[in-house]
Structure formats: structure tokens, C-alpha cells
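Have a look at the structure below, then the notes.
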Amino acid sequence: MEHTKIFNENVEEYEAWYKEYPEVYKSEVLAIQEQILKLPENIRGIEVGLGTGRFSEPLGIKEGVEPAENMAAIARERGIEVTNGIAENLPIRDLYFDFVLFVTICHLDNVKQAFEHAHRILKSGGSIIIGFIDKDQEIAKSYEKKRDRSTFYKYATYYTVDYVTDLLKEIGFKNFEYNQTIFDKLEDIKDVQFPKKGFGEGSFVVIKAVKK
């Protein structure tokens, strides 16, 4: 639960990142939005580990799960209904949501267990959407180098696209789609970067897959 403590005690620093890198943030939202727009209209989705609601709010997601109460309080101010809980043991009944969004898998204690719970709460044919920092690309490598000096990434675990894909296949997902964004160092990004199909160039990758 070290991750929860860190986020709960450093809300202001967390929020400051989005103000320091607004174009990076908007680029990531666009990449996720591109995948969400492929889903049917008027369906029910939830973000797991939504933090302060920085992604749920612009994406129109009205429900979330978050263990850090100080983060959840801000998300509620942004109009999101937040349930206290962790990704590895979601307090949600089976077959309930049409899609589940993750944007913080590097901070999960057990990513496979989290995906298994996402699979459990999804309806048949429902979608999982995961936005994450690709371990093979520039940003993850830079975070690794300054791990000891970072508040949030000190205990982070980065994953490759192939690793996440293999996990999802093992759990029971199919029909994979990928897009990517963040093609430069964070400090060099002065304009919003539009997502490209696939992966292997951008540091931020979004995977969408369907429950069998």
C-alpha cells in the first residue's frame, strides 16, 4: 500500500504536474479518447485508480475507484462518483460495466490481479482500455534514471506493450487495438501531439481489448 500513501500525501505535487505539462496531458487524453470513441454510445464505464479525476472528467467517465482518499476528494469535486477500493480487489459486482479504464498501471501492486478483476466486472463483450508508459520508450527510461529522486515513480514498475498484451490474452481478452503518443521528451513538447496507430514510437501507449 506504499503507492496509496504516496499519492494521499502528495496531492498538490500530483496536480502540479498537469499544470507544468499541459500539452503532454492533453495528448494522453486524446489518445485514450480515440479508443473510447470506438465504443457504443450510452454505455457505462469506470476508471480504476482515477486519482483526482484528471482523465475521467474530460473523458466523460462518471464513476471511479481510488484508494487514496485525498485524491478521491478532488475527483468528487470534479463530479465523479468515487468508490474507495484497490484495483486488485475491486468492490464491484460481476458483469457490471461496459468498459474499464486504467491509466496508472505502473503504480499497481499486482497488475495481473487488477486485470483479472477488470475482466470479472466487465460484461461479455466489454472493453478494457489501458493507457500506460511503455517501458521500451524514452519517458520510462528517463524516469528509471531519476527513480530515487522522484516522489511518484520511486516504486513504479514499467511494462512493455508485449508484456501487457500477453497478460490480457492469458486472462481472456481479444481483438487488440493500439495507439500511441508522446514522441519527444516532456520538456520539449509545446503542442498537443495527436495519436498514431500502433506502438513502438510513442512513450504513452493505449491498448484496447475486448472480453471474450
Open item on the list: So in the stretch 14-71, with the set limited to residues that are of a type in the set (D, E, K, R), over 20 Å from I121 (Cβ atoms) and open to solvent by less than 30 Å² (accessible area, probe 1.4 Å), which one is farthest from the chain's Cα centre (by Cα)?
Closed with: E15
Task: Residues satisfying the stated conditions in the stretch 129-162, i.e. assigned to a helix (DSSP H, G or I) and in contact (Cβ under 8 Å) with a residue 24 or more places away in the chain - done: E138, I139, A140, S142, V161
- [ ] Find the residue count for the stretch 72-114, including only residues that are outside any loop (DSSP other than H, G, I, E, B), open to solvent by less than 60 Å² (accessible area, probe 1.4 Å), in contact with a helix residue (DSSP H, G or I) (Cβ under 6 Å, 6 or more places away or on another chain) and over 16 Å from T4 (Cβ atoms).
- [x] 2
TODO: Output yes when any residue across the stretch 46-56 is in a helix (DSSP H, G or I) and either in contact (Cβ under 8 Å) with a residue 24 or more places away in the chain or on the phi < 0 side of the Ramachandran plot (or both), and no when none is.
DONE: yes
- [ ] Just need a number here: residues in the stretch 181-204 that are assigned to a strand (DSSP E or B) and more than 13 Å from V24 (Cα to Cα).
- [x] 2
TODO: Have a look at L168, L122 and point out the one that is within 23 Å of L30 (Cβ to Cβ) and surrounded by 13 or more Cβ atoms within 10 Å (Cβ to Cβ).
DONE: L168
Task: Given (1) out of contact with any strand residue (DSSP E or B) (no Cβ under 8 Å at 6 or more places or on another chain); (2) modelled with pLDDT of 95 or more, number of the condition V111 does not satisfy - done: (1)
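The values are calculated or read from the model by the stated rules, or taken from the named source; none is laboratory data. Keep in mind the model is a prediction, meaning the values are calculated, not measured. No Cβ is skipped: glycine too gets one built from the backbone with ideal geometry, and neighbour counts run over all protein chains shown. The protein model used for the area step is the full one, side chains on, heavy atoms only, and it has no ligands, DNA or RNA in it. Shrake-Rupley method; radii C 1.70, N 1.55, O 1.52, S 1.80 Å.
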